[in-house]
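Inspection log for the structure reproduced underneath, given as structure tokens.
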Amino acid sequence: MLVAAEAIYFVGHRLGPAAEAAFIEGLSDFEVTPPTAQDWERTAELVRLYSSFPLGAADASLIALAERLGTDVVISFDRRHFTAVRPRHVPAFRILPH
């Protein structure tokens, strides 16, 4: 959910309100998985662990969600953060797009 908010901000900031509204409407085609209590705890743990990096809450929450769902795939243009973090469940993330 934090990543969705970050993406919405980015679209609105870069492309304007019409694009932002269209992007938000497009999200209705997807089931957005909300964070659990454990996700919030893991997100905070990752932010602390990578504080010198720093790793922000949006990226940390995506990592926590990927760990909970057991996926090794992350969709992000931010290769720097997702190649540096070592997830609990796999050796490394596969980051899309390539």
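The values are calculated or read from the model by the stated rules, or taken from the named source; none is laboratory data. Values in this document were obtained by computation on a predicted structure and should not be read as measured data. Heads up, the Cβs are rebuilt from the backbone with ideal geometry, glycines too, and the neighbour counts pull from every protein chain shown.
Points to keep in mind about this one:
- Yes/no for Ala4 being at pLDDT 90 or above and small (Gly, Ala, Ser): no
- In region 70-79, the residues that are surrounded by 11 or more Cβ atoms within 10 Å (Cβ to Cβ) and either modelled with pLDDT of 95 or more or basic (Lys, Arg) (or both): Thr71, Asp72, Val73, Arg79
- Residues satisfying the stated conditions in region 40-98, i.e. farther than 24 Å from Tyr9 by Cα, without any contact (Cβ under 8 Å) to a residue 12 or more places away in the chain and among the small types (Gly, Ala, Ser): Ser52
- Residue match in region 1-9 (condition: part of a helix (DSSP H, G or I), at negative phi and more than 12 Å from the chain's Cα centre (by Cα)): yes
- Filter result for Ile63 (within 19 Å of Ala4 (Cα to Cα) and part of a helix (DSSP H, G or I)): yes
- Identity of the residue in region 62-96, small (Gly, Ala, Ser) and within 13 Å of the chain's Cα centre (by Cα), that ends up nearest to Gln38 (Cα to Cα): Ala64
- Residue match in region 24-40 (condition: within 26 Å of Ala84 (Cβ to Cβ), within 15 Å of the chain's Cα centre (by Cα) and assigned to a helix (DSSP H, G or I)): yes
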